[in-house]
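These notes are about the structure you will find just below.
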Amino acid sequence: MKPNDPQLKEILAGEYVLGTLHGSARERFERELGRDEELQRLVSYWGSKLHPLAEALPPVEPPSVVWRKIEARLMPSGVERVPWYSRVNFLRPFAMAAAAAAIFAFIYFGVITPQGPVPHMHHSMAVLADKQNAAGWMIAVNPSSKEMMAMAMHPAPMKPDQSYELWMLPGKDKAPISLGLLPMKGSMKMKVEGPMLEKLMGASGLAVSLEPAGGSPTGAPTGPVLYQGSLFVMDKA
Amino acid sequence: MTSSDSSMTSPERLASLLQASGRGDKSAMAELYRHASPKLFSLLLRILKREDLAEEVLQEGFLSIWRHAGEYDWKKGAPFTWMISIMRHRAIDQLRRGRRETTGESDVSAESVSEGAGPWENLLQSLSAEGLKKCLEELSGDQRGAILSAYYEGLTHEELASRLAKPLGTIKTWIRRGLAGLKECLER
């Protein structure tokens with residue numbers, strides 16, 4: 001392509017968008033396109049002029065299996081190479097969350113009376129907050145009753161075909177372990193026993209991902225991680 | 001919301017769904033898919049003429065949209081335009097790969113020769129871009145037919161020449177003069 005012929009550039013850009021450029025002509029054009037801003041502008045011009053042609057087509061609903069296949073492969077954009085649980089920053093200060101934690105402790109630890117805590121296992125809790133520090137849930141763990149309680153604060157609304165799933169993060173580079181689905185309102189108790197309880201007490205953090213209704217189909221988080229938090233010790237019995 | 005017609009969805013809405021998808025919001029992606037997939041699928045079916053291939057390209061195209069949604073901005077064109085160009089590129093690549101693999105099998109020229117713009121003329125009536133419609137109508141029938149067949153079927157110059165039983169040079173001239181005429185008319 002003669003790079004300085006403006007009329008040729010216009011037409012070649014049109015042909016590129018139309019799709020008639022192919023083989024080596026198309027490769028040459030794409031090489032030029034990468035470094036020529038005028039050519040980029042022309043391609044975007046022709047795109048805006050010609051692509052309305054596609055909008056004139058009668059819509060055809062694709063089979064639902066296509067979306068299911070896409071959905072199964074949706075990972076947070078750009079993070080495919082690094083597992084998200086290795087990158088999560090647990091040291092973020094949660095000023096608002098700490099205040100909410102105090103309220104939670106006041107309400108709940110008055111009710112759940114410790115019955116002689118297991119040695120080295122303390123009542124712990126976590127606030128699961130989103131990126132804006134808004135609390136979605138509070139989590140309390142009572143090692144003596146081997147129970148975990150999840151209380152909904154203000155989880156962001158989701159669609160009926162979705163669930164929020166809670167994960168414990170056993171430590172850097174170790175795969176998350178599911179702790180179950182979270183309630184959208186009110187609170188829910190779950191039994192956490194034996195090795196799971198020990199892992200939970202030593203976990204480096206908790207995270208909540210958005211999953212298809214009923215939870216992750218794979219046993220590992222498949223959706224975006226929207227809330228996170230760390231357990232902290234409430235008593236030193 | 002039941003509408004799946006992308007023309008019913010404002011470009012602003014599509015842009016905000018793209019932005020949310022770029023932040024990893026799968027429900028925004030699901031909505032984007034509901035709005036945009038029927039028109040895109042329709043286009044892929046025209047170009048690829050095979051449902052399995054159209055489904056495959058639709059799937060890979062949407063995964064590409066998901067991965068690049070964070071890079072989308074208005075400078076790259078309206079959101080639907082941006083998505084169409086991703087899909088069309090993939091479809092045309094797929095088409096030409098397929099043609100190479102089945103060399104000798106001319107599936108293009110098998111279709112009604114000398115039909116000209118015939119199959120696409122009706123579509124022009126449902127084209128909502130009035131300027132484009134008017135300017136396409138100003139072109140000669142040959143130019144318009146060549147441009148529409150290239151757009152809706154992803155045909156190369158050679159394939160158009162074989163389809164329309166015309167010399168390659170004639171086809172190239174129709175397309176180039178057609179595009180020049182279109183641009184001149186659109187900017188009038």
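Quick rundown of the values:
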item: From B:121, B:153, residue being touching a Lys or Arg at 6+ places or on another chain (Cβ under 7 Å) and at negative phi; result: B:153
item: Lone qualifier among A:37, A:61 - being modelled with pLDDT of 95 or more, exposed (fewer than 13 other Cβ atoms within 10 Å of the Cβ) and either within 38 Å of the chain's Cα centre (by Cα) or among the basic types (Lys, Arg) (or both); result: A:61
item: Count of the range B:37-72 residues which are in contact (Cβ under 8 Å) with a residue 40 or more places away in the chain, more than 10 Å from chain A (Cβ to nearest Cβ) and in a helix (DSSP H, G or I); result: 2
item: Test: residue in the range A:133-145 that is in a strand (DSSP E or B) and open to solvent by 30 Å² or more (accessible area, probe 1.4 Å); result: no
item: Given (1) under 15 Å from the mean Cα position of the chain (by Cα); (2) part of a loop (DSSP other than H, G, I, E, B); (3) polar (S, T, N, Q), number of the condition residue A:178 does not satisfy; result: (2)
item: Which numbered condition residue A:70 misses (of (1) under 30 Å from residue B:55 (Cβ atoms); (2) modelled with pLDDT of 80 or more; (3) aliphatic (A, V, I, L, M); (4) open to solvent by 30 Å² or more (accessible area, probe 1.4 Å)); result: (4)
item: Some residue of the range A:4-27 being in a loop (DSSP other than H, G, I, E, B), modelled with pLDDT under 90, open to solvent by 50 Å² or more (accessible area, probe 1.4 Å) and away from chain B (no Cβ under 12 Å); result: yes
item: Subset tally (residues that are β-branched (Val, Ile, Thr) and open to solvent by 40 Å² or more (accessible area, probe 1.4 Å)) for the range A:206-234; result: 2
item: Cβ-Cβ under 6 Å pairs, at least 6 apart or on other chains, the range B:114-131 side under 16 Å from residue B:39 (Cβ atoms), far side at pLDDT 80 or above and open to solvent by 70 Å² or more (accessible area, probe 1.4 Å); result: none
item: Failed condition for residue A:197, given (1) among the aliphatic types (A, V, I, L, M); (2) more than 29 Å from residue B:22 (Cβ to Cβ); (3) open to solvent by 10 Å² or more (accessible area, probe 1.4 Å); (4) not in a loop (DSSP other than H, G, I, E, B); result: (3)
item: Hey, residue A:203 free of Cβ contacts under 8 Å to residues at least 40 places away in the same chain and crowded, with 16+ Cβ neighbours inside 10 Å or not; result: yes
item: Any hit, the range A:180-192, residues being more than 24 Å from residue A:146 (Cβ to Cβ), β-branched (Val, Ile, Thr) and modelled with pLDDT under 85; result: no
item: All positions within the range A:179-195 that are farther than 19 Å from residue A:228 by Cα and among the hydrophobic types (A, V, I, L, M, F, W, C); result: A:192
item: Matching residues in the range A:139-167 - criterion: being polar (S, T, N, Q) and at pLDDT 85 or above; result: A:163
item: Neighbours by Cβ (under 7 Å, 6+ apart or cross-chain): first from the range A:166-187, open to solvent by 30 Å² or more (accessible area, probe 1.4 Å); second charged (D, E, K, R); result: A:170/A:199; A:177/A:199; A:178/A:165; A:181/A:165
item: For residue B:26: the one exception among (1) surrounded by fewer than 17 Cβ atoms within 10 Å (Cβ to Cβ); (2) basic (Lys, Arg); (3) within 10 Å of chain A (Cβ to nearest Cβ); result: (1)
item: Search result, residues across the range B:80-89 that are within 21 Å of residue A:38 (Cα to Cα) and either at the interface with chain A (Cβ under 7 Å from one of its Cβ atoms) or in contact with a helix residue (DSSP H, G or I) (Cβ under 6 Å, 6 or more places away or on another chain) (or both); result: B:81, B:82, B:85, B:86
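The values are calculated or read from the model by the stated rules, or taken from the named source; none is laboratory data. Note that the structure is a prediction, hence the values are computed from the model and not measured. Cβ: placed from backbone, ideal geometry, glycine included. Neighbour counts: every protein chain shown. Please note that ligands, DNA and RNA were not included when accessible areas were found on the heavy atoms of the full protein model with its side chains. Shrake-Rupley method; radii C 1.70, N 1.55, O 1.52, S 1.80 Å.
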